[in-house]
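The values are calculated or read from the model by the stated rules, or taken from the named source; none is laboratory data. Every value quoted in this text rests on a predicted model; they were computed, and no experiment measured them. Every residue, glycine among them, receives a Cβ derived from its backbone with ideal geometry; neighbour counts consider all protein chains shown. To get the accessible areas, we keep the full protein, side chains included, count just its heavy atoms, and leave off ligands, DNA and RNA. Shrake-Rupley method; radii C 1.70, N 1.55, O 1.52, S 1.80 Å.
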Amino acid sequence: MRVLGIETSCDETAASVVALDGASAPEILSNIVLSQIEEHAAFGGVVPEIAARAHVEALDGIVEAALADSAVSLDEVDAVAATAGPGLVGGLIVGLMTAKAIAAAANKPLIAINHLEGHALTARLTDGLDFPYLLLLVSGGHTQIVAVRGVGDYQRWATTIDDALGEAFDKTAKMLGLPYPGGPNVEKAAASGDAGRFAFPRPMKGSAQPDFSFSGLKTAVRQAATAIAPLSDQDVADICASFQAAVADALGDRVGRALARFRKEFPDKASPALVVAGGVAANRTIKGTLEALCSEAGFAFVAPPQKLCTDNAAMIAWAGIERLRAGMAGENAAGFVPRSRWPLDSVSAPLVGSGRRGAKA
Ligand code: KG4
Ligand code: ZN
């Protein structure tokens, strides 16, 4: 089975070919990701119109490169899978329409993929994980804990009631005058900072409601920064370190709850695992906290390579393979309309304010 995947939901233009032959491990034959970070940096965030235009310009070449790299011709591909949501609608239209055209011209089935499903199933591509497992998705647009029970069978256990975690990093960076994207720069500055200097709040810590919140923390950072302005480099480093410590602490509390719930709901699961995905999973302080939490709770901690944690098309191609072999490739993908909002778990009601500002998935 070989599937061509296309991803254009935010600011990465990506294409990939993934293969699965019989019982052997799946293979990523090509994985091309073109980041638009430079195009958006001057604006301090992703500009949807710029993103859509950049996708239009780049996508043909990226698809060609992915096919060339994989040494698989379009004829040899079994299906074309494309992200159809959630995300920025301009980019989704570019990717899905391109995929529809390729599929129609090559007479191949088209599979419309939920971007979040791509993140959710990546650990099966990289680590061959069995269902069920727990997923923590922490990116610029999403902060969710999802019980991954099967292909197309996801249950959201927690989400953010305001900002996404990556968004909180990006906004904190902006307040402190650090360049975009904020996460890596906050982490870098924090390395030489004193995490004990500011006692920032740990939003939702200890709450019976399982969700996340980061806007109060962001406000506390702004107040602390304003109170001691102008900021020296050391002040910035101390704020970053204190912010990161608060985030790790709050996150650890929320994830700890979810691990306990997983144990209760899946008592027969012999070796439970927590999988992380999303750009924020690159943060070493956060990773360290989660690793310690997992080892204490008897969970395996699975962090796929960073290139497959952040947005890419291999995860989309892989989700296509999972759907194909489960007989769930969908009947009417050629008529599928891109969806800027598309919850992975249609049962869990959206929380007030959640994700409203988050363009990214
Ligand atoms: O998954 P991703 O590449 O794109 C989507 O949002 O879909 O995630 C990007 C987010 C940005 O908000 C970025 O600031 C954050 O991940 N990020 C980090 C780190 N690296 C990236 N946040 C904290 N620490 C990092 N090292
Ligand atoms: Zn994503």
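Taking each residue of segment 167-187 that is under 13 Å from residue 139 (Cβ atoms) and within 16 Å of ligand 2 (Cβ to nearest atom) and looking for partners that are basic (Lys, Arg) and in a loop (DSSP other than H, G, I, E, B) with beta-carbon atoms closer than 7 Å, six or more apart or interchain, yields 167/357. So is residue 215 more than 18 Å from residue 133 (Cα to Cα), touching a residue at least 24 places away in the same chain (Cβ under 8 Å), among the hydroxyl-bearing types (Ser, Thr, Tyr) and open to solvent by 10 Å² or more (accessible area, probe 1.4 Å) or not? In short, yes.
Within segment 218-229, can one find any residue that is of a type in the set (D, E, K, R), under 26 Å from residue 114 (Cα atoms) and surrounded by fewer than 22 Cβ atoms within 10 Å (Cβ to Cβ)? No, segment 218-229 contains no residue that is of a type in the set (D, E, K, R), under 26 Å from residue 114 (Cα atoms) and surrounded by fewer than 22 Cβ atoms within 10 Å (Cβ to Cβ).
Quick check on my filter: what residues within segment 96-146 are on the phi < 0 side of the Ramachandran plot, among the small types (Gly, Ala, Ser) and away from ligand 2 (no atom under 13 Å from the Cβ)? Selection gives 99, 101, 103, 104, 105, 106, 112, 123.
Restricting attention to segment 105-123 and to residues that are touching a helix residue (DSSP H, G or I) at 6+ places or on another chain (Cβ under 7 Å) and in a helix (DSSP H, G or I), the residue that is surrounded by the most Cβ atoms within 10 Å (Cβ to Cβ) turns out to be 119. None of 241, 297, 292 is at pLDDT 95 or above, crowded, with 19+ Cβ neighbours inside 10 Å, more than 24 Å from residue 152 (Cβ to Cβ) and among the aliphatic types (A, V, I, L, M) except 241. For the residues 255, 247, 221, the requirement of being in contact with a Phe, Trp or Tyr (Cβ under 6 Å, 6 or more places away or on another chain), more than 16 Å from ligand 2 (Cβ to nearest atom) and under 15 Å from residue 165 (Cβ atoms) singles out 221.
If the requirement is being surrounded by 24 or more Cβ atoms within 10 Å (Cβ to Cβ) and of a type in the set (Val, Ile, Thr), which of these qualifies: 46, 80, 72? Break it down into steps so the answer makes sense when it comes.
Working: 46 fails: surrounded by 24 or more Cβ atoms within 10 Å (Cβ to Cβ); 72 fails: surrounded by 24 or more Cβ atoms within 10 Å (Cβ to Cβ).
Sole residue among the options that is surrounded by 24 or more Cβ atoms within 10 Å (Cβ to Cβ) and of a type in the set (Val, Ile, Thr): 80.
If I filter segment 83-101 for residues that are more than 23 Å from the chain's Cα centre (by Cα), surrounded by fewer than 24 Cβ atoms within 10 Å (Cβ to Cβ) and over 24 Å from residue 343 (Cβ atoms), do I get at least one hit? Spell out the reasoning first.
We begin by selecting, within segment 83-101, every residue more than 23 Å from the chain's Cα centre (by Cα); these are 100-101.
Adding the requirement that they be surrounded by fewer than 24 Cβ atoms within 10 Å (Cβ to Cβ) leaves 100-101.
Imposing the further condition that a residue be over 24 Å from residue 343 (Cβ atoms) reduces the set to 101.
Yes: segment 83-101 contains one or more residues that are more than 23 Å from the chain's Cα centre (by Cα), surrounded by fewer than 24 Cβ atoms within 10 Å (Cβ to Cβ) and over 24 Å from residue 343 (Cβ atoms).
Quick one: in segment 127-177, of everything that is aromatic (Phe, Trp, Tyr) and farther than 17 Å from residue 200 by Cα, which residue is nearest to ligand 1 (Cβ to nearest atom)? Here the residue is 154. Of the residues making up segment 178-215, those that are modelled with pLDDT of 95 or more and either assigned to a helix (DSSP H, G or I) or on the phi > 0 side of the Ramachandran plot (or both) are 183, 184, 185, 186, 187, 188, 189, 190, 204, 206.
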